[in-house]
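Colleague: The structure is given below, and queries will be raised subsequently.
The values are calculated or read from the model by the stated rules, or taken from the named source; none is laboratory data. Predicted, not measured: the structure shown is a model, and the values here were computed from it. Quick reminder, even Gly has a Cβ in these numbers, built from the backbone with ideal geometry, and neighbours come from all protein chains shown. When the accessible area is computed, the model is the full protein with side chains, heavy atoms only, and any ligands, DNA or RNA have been set aside. Shrake-Rupley method; radii C 1.70, N 1.55, O 1.52, S 1.80 Å.
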Amino acid sequence: MDWIEDALCKGINPDFFFPPLEAQSPNHYYAIGKYVCYACPVWKQCLKYCESNEEVWGLWGGLTPQDRRKPHLLRHGSIESKRLGCKCPQCLAAPDWEDVYADTKSLPKAGSPYDLLSLVYELTRG
């Protein structure tokens with residue numbers, strides 16, 4: 001698992017990739033995690049690891065458990081649909097990780113306190 005050294009999620013609070021079980025809306029956590037995953041250079045290795053190890057929980061390669069289980073519900077032209085291998089014109093035109101930037105320095109590290117809704121707002125308002 002050498003790819004982990006290059007993963008953008010390294011050191012970031014794991015809640016954004018594995019929401020707490022008591023979370024009322026895991027999608028708020030996943031929105032922050034996807035912000036990181038979309039720009040990650042090793043997303044393919046991450047997703048391959050998930051598939052090889054039959055991971056059912058957590059955000060892997062920018063895909064939630066629901067994205068991986070129900071790909072037919074994804075919107076064509078989305079990064080998620082493209083990452084799952086859709087070859088339709090909209091998905092082929094979707095951004096690649098090289099086209100996305102994430103300022104991960106501003107995200108809370110493991111064990112640091114954070115305000116979830118403020119983070120989601122800050123990352124999605126642009």
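Colleague: Any chance you could check the Cα centroid distance between the stretch 91-126 and the stretch 1-76 for me, in angstrom?
Modeller: Between the Cα centres of the stretch 91-126 and the stretch 1-76 lies a distance of 13 Å.
Colleague: With all protein chains present, how much of the accessible area of the chain (probe radius 1.4 Å) comes from carbon and sulfur, to the nearest whole percent? Working shown, then result.
Modeller: Values: 4250 of 7870 Å².
C and S fraction of accessible area: 54 percent.
Colleague: Across the Cα atoms of the chain, what radius of gyration and what greatest pairwise Cα-Cα distance (Dmax) are found, in Å?
Modeller: Cα-based Rg and Dmax for the chain come out at 14.1, 42 Å.
Colleague: What FRET efficiency do you get for K87 and E5 if R0 is 35 Å and r is their Cβ-Cβ distance, rounded to the nearest 0.05? List each step's numbers first, then the result.
Modeller: Numbers: r = 31 Å, r/R0 = 0.89.
Computed FRET efficiency for K87 and E5 comes out at 0.65.
Colleague: I would also like to ask the following. As a test question: what accessible area, to the nearest 10 Å², does R68 have when a 1.4 Å probe is rolled over all protein chains in place?
Modeller: Solvent-accessible area, nearest 10 Å²: 50 Å².
Colleague: With +1 on each Lys and Arg Cβ and -1 on each Asp and Glu Cβ, and nothing else charged, work out how big the dipole of the chain is about its Cα centre, in Debye to the nearest 20.
Modeller: On the way: 14 positive and 16 negative charges, 80 e Å.
With Lys and Arg at +1 and Asp and Glu at -1, about 380 debye.
Colleague: Report the local net charge at E122: Lys and Arg +1, Asp and Glu -1, summed over other residues whose C-beta lies under 12 Å from its C-beta.
Modeller: Numbers: positive: R125; negative: D103, D115.
Here the charged neighbours net out to -1.
Colleague: Turning to a different aspect of this structure: On a straight-distance basis, which lysines could pair with K87 in a cross-link, Cα separation under 27 angstrom, same-chain partners fewer than 8 positions away excluded?
Modeller: Qualifying lysines at Cα under 27 Å: K34, K44, K48, K70.
Colleague: In degrees, nearest 10, range 0 to 90: what is the angle between the Cα axis of helix 26-38 and the longest Cα principal axis of the chain?
Modeller: The angle comes out near 70 degrees.
Colleague: Quote the relative contact order of the chain in percent (integer), defining contacts as alpha-carbon pairs under 8 Å separated by 6+ residues. Don't jump to the answer; show the numbers that get you there.
Modeller: Numbers: 147 pairs, mean separation 36.7, N = 126.
Once divided by the residue count of the chain, the mean separation gives 29 percent.
Colleague: Could you do me a favour and compute the accessible area per residue for the stretch 57-126, 1.4 Å probe, result in Å²?
Modeller: On the way: 4560 Å² over 70 residues.
Accessible surface, normalised per residue, equals 65 Å².
Colleague: Another one. Given the DSSP H assignment, sum -39500 (n - 2.57) over each helix run of at least 4 residues in the chain and divide by its residue total; what's the result at 222 nm in deg cm²/dmol, nearest 500? If you can, show how the numbers build up before the last one.
Modeller: Numbers: 6 runs with 46 residues, N = 126.
Result for the chain, helices only: -9500 deg cm²/dmol.
Colleague: In degrees from 0 to 90, rounded to the nearest 10, what is the angle of the helix 43-52 Cα long axis to the longest principal axis of the chain?
Modeller: It works out to around 80 degrees.
Colleague: What longest range of the chain stays clear of loop-exposed chymotrypsin sites (Phe, Trp or Tyr not before Pro) (DSSP non-H/G/I/E/B, at most 15 other C-beta within 10 angstrom)?
Modeller: Values: sites that count: W57, Y101, Y114.
Value returned for the longest uninterrupted segment is 1-56.
Colleague: Also: For the pair S118 and N53, what calculated FRET efficiency results from E = 1/(1 + (r/R0)^6), where r is the Cβ-Cβ distance and R0 = 22 Å, to the nearest 0.05?
Modeller: Between N53 and S118 the formula returns 0.05.
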